[in-house]
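Any read-out appearing in this document is the output of simple, stated calculations on the displayed coordinates, not a laboratory observation. All figures in this text were calculated on a predicted structure; none of them were measured in a lab. Cβ coordinates were reconstructed from backbone atoms using ideal geometry, including for glycine residues, and neighbour counts include every protein chain displayed.
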Amino acid sequence: MQARAPVFLSSLAAALALALAACGGPSRPLPEQASQPVSPAMAPAPHPDHAARAAQPEPAAEMHSIEPHATLAMPHPYPLPAPAPEERERYGAIDENGVRLVAQASVSTFSIDVDTGSYSNVRRLLNAGRVPPADAVRVEELLNYFPYDYAQPADGRPFAVHTALAPAPWHPSNVLLRIGIKGKDVASGALPAANLVFLVDVSGSMNSPDKLPLLKSSLKLLVNQLRAQDRITLVTYAGSTRVALPPTPGSDKAAISAAIDQLVAGGSTAGASGIALAYQAAQQSYIAGGINRVLLATDGDFNVGVTDFRQLTGMVEERRKSGVSLSTLGFGTGNYNEQLMEQLADAGDGAYSYIDNLMEGNKVLASEISSTLATIARDVKIQVEFNPATVTEYRLIGYENRMLAREDFNNDKVDAGDIGAGHAVTALYELTLAGQPGLVDPLRYQRAAPAPGRDGELAHVRLRYKLPAASTSQLLDVTVARQALRPLAQGDDDFRFAAAVAGFGQVLRGGKFTGAWRYADARALAQGARGADRFGYRGEFVKLVDLAQSLATAAPAASQGGAPAGHAAR
């Protein structure tokens, strides 16, 4: 063994020489603080626009440390790539509505939905260079993001119902039935006094430019809309909860703005205790006959206290009985819990919005504040009965998590969606008319018996709703006549644009029912139906379709290089 010592020492010396030579090159000196631990709150948060770059591996930091008994190794010629960040965004699973045979189930019942968060979240993902997961795309929320020029009610009711028919652009032999609801407009100055409790997540997970800073800027846009009779309370939660601003009149804008400025992120996320304190604050400032609402602003990353999904939604369902509703405002990326945000708003008889930029904050909290806050009808349900003599198949596009049993329609104890002042709600059915080929083979031994005097009708649409202070619902119904069918090119801009949005959403989800229809088809249809487009929303949509087309085209090439595969080009 002693005879081998010189050989070992020579090898060791050679290895040390090589290592020193590698370290003696033109590399930069290491800053002293590089070896210090960095807490998540100290680490710079990525800008949302940089999300598209996250798929590219970053060079590892030049860490130089000597561990006790460390073994020497030859230097690696290239820095090792940093591990990709864990994807923690959560979306509720969607089982897309299928085709139903009228002969077997002639009635379709669902609750309206005024949420819009899916659209702005999809926009955020596309702008970040990511094809959205299919479960992030709820077609009804894409449809209802846009204002439509439906006529106002003229009979004293809180909303008007409009129907229209035209060929489905992806299956011209089929027919699209559009059901449009338009809530009556209420000027912001005519709204009842508002008791608003903002429940703000100030945990460490909100320490990112697209989270708490964007939230604070958005809240300041609301401050300008407040009136003297309004009251605003700020409740914050992180590891603990507190009232950051007691009930303050809307006229004291300086105090409200100062309280917003003082919000700072840090700590864990005790969301459930924050919800409890917010409802308590809302009850203490309750305004009889006014607007009483909690607005939860968070990324949904609850990790302390009650974190179970069902327990949280159950808590909100119980609290809504007090007359205080809850809406949710989603922020951020990476750890965003979209499923929780959407379902909490549904349970709280409120609306779910996702704010990805200050323009969206202005839309939700300033320009559309009346529809965001003022409820004009509660528990709005739609039931459509199809005529088996004229319609053989139907499919409701979207609204998968808003479906109701047939008997729920007349049951006033069954909760449903509320509609705000000026809100427009759109639902689309794709129909196969009698005599046209369908997706399901007809039965050999059953024939639809024609209803006497009804052969010109395709469907009967019924709506139930409650006035804000009522416990008993009212009924409204309209008949859909076959003679109302018009060529798609003769349809109004609203119909054609809604069809383009619905087609785009379905293609984005994988195109199970849209055949050979592609993004380019959705773009062409939307571009020709932009109309006045006062706020530029439709023009922005056309650009998003272009972006989705580019990402879908690039996805197969990216997957060949080892990146996660997206949708095939459509």
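Per-residue Karplus couplings for segment 279-291, computed as 6.51 cos²θ - 1.76 cosθ + 1.60 with θ equal to phi - 60°, are listed in order as 5, 4, 5, 5, 5, 5, 10, 4, 10, 4, x, x, 8 Hz, Gly and Pro entered as x. At full extension, LEU467 and ASN224 could sit 84.6 nm farther apart than now, given 0.36 nm per residue minus the alpha carbon distance. Taking a ≥ b ≥ c as the square roots of the eigenvalues of the alpha-carbon gyration tensor, segment 253-336 is classed oblate because a/c is 1.5 or more while a/b is no larger than b/c.
Here the Karplus relation 6.51 cos²θ - 1.76 cosθ + 1.60, evaluated at θ = phi - 60°, turns the backbone of segment 384-398 into coupling constants of 10, 9, 9, 7, x, 7, 10, 10, 9, 9, 8, 8, 7, 8, x Hz, with x for every Gly and Pro.
The mean sequence separation of alpha-carbon pairs under 8 Å and at least six residues apart, normalised by the residue count of segment 191-373, gives a relative contact order of 26 percent. For segment 191-373, the average shadow cast by the Cα convex hull is 8.6 nm², which is a quarter of the hull's surface.
Based on Cα contacts under 8 Å between residues 6+ apart, segment 110-188 shows a relative contact order of 24 percent. Cα gyration tensor of segment 304-434, axes a ≥ b ≥ c as square roots of the eigenvalues: rounded (a/c below 1.5), prolate (a/b > b/c) or oblate? Judged from the Cα gyration tensor, segment 304-434 comes out prolate (a/c at least 1.5, a/b above b/c).
State whether segment 270-381 is rounded, prolate or oblate according to the following rule on the C-alpha gyration tensor (a ≥ b ≥ c being the square roots of its eigenvalues): a/c under 1.5 gives rounded; otherwise a/b larger than b/c gives prolate, and the remaining case gives oblate. The shape class here is oblate. If the segment from LYS413 to GLN104 were pulled out straight at 0.36 nm per residue, it would be longer than the present Cα-Cα gap by 108.5 nm.
For segment 424-430, the Karplus equation 6.51 cos²θ - 1.76 cosθ + 1.60, evaluated at θ = phi - 60°, returns couplings of 10, 10, 10, 10, 10, 10, 9 Hz by residue, with Gly and Pro reported as x. Counting only DSSP beta bridges whose two residues both lie in segment 191-373, roughly 20 percent are antiparallel. I need the calculated FRET efficiency for the pair ASP455 and ASP477, taking r as the beta carbon distance and R₀ as 22 Å, to the nearest 0.05. With a Förster radius of 22 Å, E is 0.70.
Taken along the Cα-to-beta-carbon direction at a fixed 7 Å, the label points for TYR537 and ALA255 span 3.5 nm.
In segment 284-367, Cα pairs under 8 Å separated by at least six residues give a relative contact order of 31 percent.
Applying 1/(1 + (r/R0)^6) with R0 = 41 Å to the Cβ-Cβ distance of SER322 and GLU96 gives a FRET efficiency near 0.70.
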